[in-house]
Amino acid sequence: MPGGGRCPDCGSAELVEDSHYSQSQLVCSDCGCVVTEGVLTTTFSEESNLREITYSRSTGENEQVSRSQQRGLRRVRDLCRVLQLPGTFEETAITYYQQAYRHSGIRTARLQKKEVLVGCCVLITCRQHNWPLTMGTICTLLYADLDVFSGAYMQIVKLLGLDVPSLCLTDLVKTYCSSFRLFRTSPSVPAKYVEDKDQMLSRTLQLVELASETWLVTGRHPLPVITAATFLAWQSLRPSDRLTCSLARFCKMANVDLPYPAASRLQELVAILLRMAGQLAWLQVLKLDKRSVVKHIGDLLQHRHLLLRMAFQDGSSEMETEKKEQQRQGQGRGEEEVGHSALDLSKGKRPASPALLLPPCMLKPPKRTCPTPPVSTVTGDENISDSEIEQYLRTPQEVRDFQRAQAASQAAQSVPNPP
């Protein structure tokens, strides 16, 4: 295109097209300067007016997606298809992934964190649409560490400024119990251990609600509580065949991991059931223990609200009832009878009052380590500062001796050393 422009170096108008491989270039025929390189034109008028756009200044360079981001987007789509999520969920998760990848802290992160970012975007999308999906399920599919995943999840939520609702406990129970392989007969599950899914789920929900009402869920991870409640519900439906089965064997048959605190949550649930069973007249005669109380879980859950009020009473209401009883005794009897009743109360004839319903952290507080004081050995040879020397001088003679010694040391320091 000669005559259409000039060379920026020599000012010559002799510009010729030179095809370097498949890339068109404009070169000055006089000095050999490359005027344009790798031009991208949009219309014929722009090409005739030499309004070419170099590739580095075009939008194609900015829109180029790195291999790492392309791989992450593919994994987001694959994870959504494995979980059989709707198409709108997949689009939202991809949008969150692209927004998070624009931040420099995510682009320069380690590969492990980038792999976890895929699951975080999918989990955020499911939480926002109230889709029952747990963090443990995502970690299992991605072979990710739970601590790393939870840390990255909180960082992404804070980084993008998202409002993510917490998963409802009822939905979590339904999702977690659906993964138990106890609803079909298989070589690893005998016929006597197979249970109906709806009955087991219904009783598990009642036990989890009971645990929530008695402070067993507050401030704790929900999965150990759900595991213990599922085990008790499964045992109570056919106690004659299942009381001998342990919690570890139950989790092994169900093909789920046994959380570490699940055994402690099981003991706490059984202790609550025993307190409730002590309020039913027909169960007081049986003298139930930790194993036999499982047979009567259905009756206890049916009247759980009344039994909880009877087994656990608030301290203020207890004081009010005691005052009312004393007022009634004073009105119906004379002063002598009131004195006898007070004597009886002092002797310990009052019936045992119900225990207070407190969180486990208050009933069994963790032991705090008391720091050991540092051992100081006094030998008598320690240096004494001038500000403390007066505390050790007792008699006037000691004061005069100290002043003489101090004057002698100053005089010795003032004498110059001989050459």
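Return the subset of Lys197/Lys295; Lys290/Lys364; Lys295/Lys364 for which the Cα-Cα distance in this structure is over 26 Å, preserving the input order. Don't skip to the answer; put the middle values down first.
Values: Lys197/Lys295 19 Å; Lys290/Lys364 20 Å; Lys295/Lys364 28 Å.
Check vs 26 Å cut-off fails for Lys295/Lys364.
Loop-only check: which trypsin sites (Lys or Arg not before Pro) in region 117-208 are DSSP coil with at most 11 other Cβ within 10 angstrom? Could the numbers behind the result be given before it?
Working: sites: Arg127, Lys158, Lys174, Arg181, Arg184, Lys192, Lys197, Arg203; in loops: Arg181, Arg184.
Counting only loop positions with at most 11 other Cβ atoms within 10 Å, the trypsin sites (Lys or Arg not before Pro) in region 117-208 are Arg184.
Under the classification rounded if a/c is under 1.5, otherwise prolate if a/b is larger than b/c and oblate if not, where does region 67-167 fall, given a ≥ b ≥ c as square roots of the Cα gyration tensor eigenvalues?
Judged from the Cα gyration tensor, region 67-167 comes out rounded (a/c under 1.5).
Ordered by residue, what ³J(HN,Hα) values in Hz, to whole numbers, does region 244-250 give under the Karplus form 6.51 cos²θ - 1.76 cosθ + 1.60, where θ = phi - 60° and Gly and Pro are x?
Karplus-based 3J(HN,Hα) across region 244-250 equals 7, 7, 8, 5, 5, 5, 4 Hz.
Using 1/(1 + (r/R0)^6) with R0 = 45 angstrom and r between the beta carbons of Lys364 and Gln84, what's the FRET efficiency to the nearest 0.05?
On the way: r = 44 Å, r/R0 = 0.97.
Plugging the Cβ-Cβ distance into 1/(1 + (r/R0)^6) gives 0.55.
Quote to one decimal, in nm, the extra length available between Arg249 and Ser264 on full extension: 0.36 nm per residue of separation minus the C-alpha distance between them. Intermediate results must be reported in sequence, preceding the final value.
Numbers: separation 15, 0.36 × 15 = 5.40 nm, distance 1.63 nm.
Net length gain for the segment: 3.8 nm.
All of the numbers you see were taken from the coordinates with simple rules; none came from a lab. Worth saying up front: this structure is predicted, and the values here are computed from it rather than measured. Cβ: placed from backbone, ideal geometry, glycine included. Neighbour counts: every protein chain shown.
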